[in-house]
Amino acid sequence: MAFRARHLLGIDHLAPPEILAILDLAERYVELNRRTEKRSDALAGLTQINMFFEASTRTQASFEIAGKRLGADVMNMSVAQSSVKKGETLIDTALTLNAMHPDLLVVRHGASGAVNLLAEKVNCAVLNAGDGRHEHPTQALLDALTIRRAKGKLQRLTVAICGDIAHSRVARSNILLLGKMENRIRLVGPPTLMPTRVGEFGVEVFEDMKEGLEGADVVMMLRLQKERMDGGFIPSEREYFHRYGLDAEKLAAAKEDAIVMHPGPMNRGVEIDGTLADDINRSVIQDQVEMGVAVRMAAMDLLARNLRAERGRAAAGVMV
Amino acid sequence: MSLHLTNVRLIDPEKLAEGSGALLIEDGLIAGLDTQAPKGARVVDCGGLCLAPGIVDIGVKICEPGERHKESFRSAGLAAAAGGITTIVARPDTDPAIDSPETLEFVTRRAAEASPVRIRHMAALTKGRAGREMTEIGFLLDAGAVAFSDGDRVVTNAKVLSRAMAYAKGLGALVIGHPQDPSLSQGAAATSGKFASLRGLPAVSPMAERMGLDRDIALVEMTGVRYHADQITTSRALPALERAKKNGFDVTAGVSIHHLTLNELDVGDYRTFFKVKPPLRSEDDRLAVVEAVASGLIDVISSMHTPQDEESKRLPFEEAAAGAVALETLLPAAMRLVHAGAMDLPQLFRALSLNPARRLGLPGGRLAEGAPADLVLFDRDAPFVLDRFKMLSKSKNTPFDGAKMQGKVRATFVDGKQVFGDL
């Protein structure tokens, strides 16, 4: 069994065989999801709680559908407008939920490291659905699955990640995952949106979009994280679109069969041209959403197997 | 009653020398360094332990008034005695701030009642540490303030600061600054670099410290005030400090023990006990400031003791409170520098005892006849594993929990009276 982790907190902790184990299982769930009857009982009897301290529609819906298709009892907590407003701390909220014996906890939080902190305090499997600017592992995994299906491989590809790298957890997880799978990674964006010392990440950094896209197999656009910005990082949206927005002209620098990706939600006309986003010959944005459900099913299935095995061992230990 | 400590290793930071000898305590003073015991003196053979002037710790937060559940004068005093600290110089960043002669008199009285070690107080430089109006520097000096500082709040308005400095200069008062450009460092929880980028933490460039220091030094040049930078933690700020000293300005600098012994990577998976202010730096910076202490460019090592309760630390890293307790770990942590060969014991005690006492005009910090018998007797090699719940500080937020350390205090004397240990 290649996948041994107790939680899925980030790509940082995963070894390449573990990444492949998730992707391989996800392939099977892609098939399942395309059937009319989409039920599995992999998570039957388990309780999944989705705790979103930051508003989310897409990721939360994806996790909810993934859990339900696997037969889990799914509960959504929009913590953004509940007890946190009354002054309860993150750990107290977690302990309260923990006392209800959930088996899978899906957490999104605005502070980097918050999900790691929470995972130390509960005794169920925790999935990071995005923490601050740190990691968003299921997004990187679904991107990897999308790339592997479109390109037929997940190594020795040139991937250009473009836009607001500094504020993006998607970028961090993707850099880690694509790096572990031995791809060539380029980061493209204005210096104000690059993390400091980004050169030490094992990537190439470009300020010019066309240079950065030259010969790329995959063009990954990032959303301009307006809500995470605390001051002027770019002069205006129109200048940003002019220099860094993906349109047909800039995309022409990439390989002819390069695919276009975006984690959503898109700011059309800011980081990506609307027509290009809808071009089914280049854009795999809808595939990414589909793969998202399958990857989350696979990740929760694998974590649940480890959880059951661990509890089984503990129960056996008590009897001996 | 006189006490003769024999068979000790004397650490003399004034002469930068160490050697075996004996020391006589009489009437609260160091009466002599002879090996001959006078008649009637109690003689204690110390078995080769080190004897050094007690530590003078600039910049201790005691949390009284305002947050006594985190630390009180009593608990801080006991912790200091156990750590070989004979004079605490308390910070004014309490709630309310120590910004009037009345609050200063209150804490001075409380300290004298409760603490076994000496406690001296800094006062705020501006009222409420708000950076708008200077405090009553004259009255506060009369009431016993040893220095003026707004703690880690920077007086951003250069006009306000220059006036406060000019006024302080007229009275010969020492101003302690926190060199940092707050417009750059606001909201930062880490030092910018690969580690902070990977962890996704809001970060500040180390350059913010140099910018803050450059500004403060320019104002020192303008006003001629006596100035001390509380913490210099980056290599980039060192040339500016060196230049200011060469130019003859009355400038000194300190560094916290944590910036000398830990680096940014110690934060690991968001361990909030390693969150301090300014944030821990890169290993290159750490090595540079260690060297600066050894050479004497950085004058003072302090604990920057900052108690925080568990609640303010059990939060996501960027929301957690900054600061670490250090009264009891200051000496063993500093011994890491000696054991690593970065400096010898006299150099270390120059920064722990002699320089801070001199800078504040206090009588201690020396191992000389006639000096107050404020002393620490310690075993430089004794190993132990730190258990934070055995510490005397009310708050237990130390980054050294579970750490293997070397160097144990055996006895602490204040005014010749033993306040810690069992001799």
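The values are calculated or read from the model by the stated rules, or taken from the named source; none is laboratory data. Quick caveat, the model's predicted, so the values are computed rather than measured. Note that we place each Cβ from the backbone using ideal geometry, even for glycine, and neighbour counts take in every protein chain shown.
A few comments on the model shown:
- Set B:VAL175, B:VAL220, B:VAL160: member being away from chain A (no Cβ under 14 Å), part of a strand (DSSP E or B) and not charged (D, E, K, R): B:VAL175
- Among the criteria (1) within 14 Å of chain B (Cβ to nearest Cβ); (2) surrounded by fewer than 24 Cβ atoms within 10 Å (Cβ to Cβ), the one A:HIS101 does not fulfil is (1).
- Scope segment B:109-161; condition more than 17 Å from B:HIS178 (Cα to Cα), among the polar types (S, T, N, Q) and under 19 Å from the mean Cα position of the chain (by Cα); matching residues: B:SER115
- Answer from B:ASP284, B:ASP266 - the residue that is away from chain A (no Cβ under 14 Å), of a type in the set (Asp, Glu) and either in contact (Cβ under 8 Å) with a residue 40 or more places away in the chain or in a loop (DSSP other than H, G, I, E, B) (or both): B:ASP266
- Some residue of segment B:291-298 being free of Cβ contacts under 8 Å to residues at least 24 places away in the same chain and either within 14 Å of chain A (Cβ to nearest Cβ) or aromatic (Phe, Trp, Tyr) (or both): no
- Where A:ALA15 falls short, out of the listed (1) closer than 21 Å to A:ALA119 by Cβ; (2) buried (at least 21 other Cβ atoms within 10 Å of the Cβ): (2)
- Residues in segment B:241-262 that are surrounded by fewer than 20 Cβ atoms within 10 Å (Cβ to Cβ) and either part of a loop (DSSP other than H, G, I, E, B) or of a type outside the set (Asp, Glu) (or both): B:ARG243, B:LYS245, B:LYS246, B:ASN247, B:GLY248, B:PHE249, B:ASP250.
- For segment A:120-131, taking the residues that are at pLDDT 95 or above and within 14 Å of chain B (Cβ to nearest Cβ), the one that is surrounded by the most Cβ atoms within 10 Å (Cβ to Cβ) is identified as A:ASP131.
- For B:SER303, the criteria (1) over 12 Å from the mean Cα position of the chain (by Cα); (2) surrounded by 23 or more Cβ atoms within 10 Å (Cβ to Cβ); (3) not aliphatic (A, V, I, L, M) hold in every case but one, which is (1).
- Qualifying position, being modelled with pLDDT of 95 or more, under 18 Å from B:ALA326 (Cβ atoms), in contact with a strand residue (DSSP E or B) (Cβ under 7 Å, 6 or more places away or on another chain) and in a helix (DSSP H, G or I), among B:ALA76, B:ALA111: B:ALA76
- Which numbered condition A:HIS167 misses (of (1) away from chain B (no Cβ under 14 Å); (2) surrounded by fewer than 24 Cβ atoms within 10 Å (Cβ to Cβ)): (1)
- Candidates A:ARG186, A:ARG172 - the one that is assigned to a helix (DSSP H, G or I), at pLDDT 95 or above and either away from chain B (no Cβ under 13 Å) or under 25 Å from A:ARG156 (Cβ atoms) (or both): A:ARG172
- Within segment A:60-82, the set of residues being modelled with pLDDT under 95 and touching a helix residue (DSSP H, G or I) at 6+ places or on another chain (Cβ under 8 Å) comprises A:ASN76, A:MET77, A:VAL79.
- Some residue of segment B:125-143 being among the acidic types (Asp, Glu), at pLDDT 95 or above and either touching a strand residue (DSSP E or B) at 6+ places or on another chain (Cβ under 7 Å) or crowded, with 22+ Cβ neighbours inside 10 Å (or both): yes
- Segment A:194-210, residues that are within 23 Å of the chain's Cα centre (by Cα), more than 11 Å from every other protein chain (Cβ to nearest Cβ) and not aliphatic (A, V, I, L, M): A:GLU204
- Residue within segment A:45-59 that is within 17 Å of the chain's Cα centre (by Cα), under 22 Å from A:ARG149 (Cα atoms) and at pLDDT 95 or above present: yes
- Of the helices (runs of 4 or more DSSP H) lying entirely inside segment A:24-131, the ones with 2 or more residues being without any contact (Cβ under 8 Å) to a residue 40 or more places away in the chain and farther than 27 Å from B:GLU311 by Cα are found at A:58-69.
- When segment B:364-379 is limited to residues that are surrounded by 19 or more Cβ atoms within 10 Å (Cβ to Cβ) and among the charged types (D, E, K, R), the one that is nearest to B:LEU260 (Cα to Cα) turns out to be B:ARG366.
- A:ASP278 vs. criteria among the charged types (D, E, K, R), closer than 30 Å to A:ASN33 by Cα and without any contact (Cβ under 8 Å) to a residue 12 or more places away in the chain: yes
- Of all residues making up segment B:380-402, the number that are assigned to a loop (DSSP other than H, G, I, E, B) and surrounded by fewer than 17 Cβ atoms within 10 Å (Cβ to Cβ): 3
- Meets criteria (touching a residue at least 24 places away in the same chain (Cβ under 8 Å) and within 23 Å of the chain's Cα centre (by Cα)) for A:ARG296: yes
- Yes/no for A:GLU37 being surrounded by fewer than 22 Cβ atoms within 10 Å (Cβ to Cβ) and either under 22 Å from A:HIS109 (Cβ atoms) or in contact with a strand residue (DSSP E or B) (Cβ under 8 Å, 6 or more places away or on another chain) (or both): no
- Selected residue (criterion: surrounded by the fewest Cβ atoms within 10 Å (Cβ to Cβ)) from residues of segment B:40-73 that are of a type in the set (D, E, K, R) and either assigned to a loop (DSSP other than H, G, I, E, B) or within 15 Å of the chain's Cα centre (by Cα) (or both): B:ARG68
- Restricting attention to segment B:115-139, the residues that are outside any strand (DSSP E or B) and farther than 21 Å from B:VAL56 by Cα add up to 13.
- Flag if B:ALA196 is within 14 Å of chain A (Cβ to nearest Cβ) and either part of a helix (DSSP H, G or I) or within 30 Å of A:LEU177 (Cα to Cα) (or both): yes
- Yes/no for A:PRO191 being surrounded by fewer than 22 Cβ atoms within 10 Å (Cβ to Cβ), within 14 Å of chain B (Cβ to nearest Cβ) and within 20 Å of B:SER197 (Cβ to Cβ): yes
- Note on segment B:199-217: residues that are away from chain A (no Cβ under 14 Å), surrounded by fewer than 22 Cβ atoms within 10 Å (Cβ to Cβ) and of a type in the set (Gly, Ala, Ser) amount to 0.
- Flag for B:ALA321 being within 14 Å of chain A (Cβ to nearest Cβ), surrounded by fewer than 23 Cβ atoms within 10 Å (Cβ to Cβ), of a type in the set (Gly, Ala, Ser) and touching a helix residue (DSSP H, G or I) at 6+ places or on another chain (Cβ under 7 Å): yes
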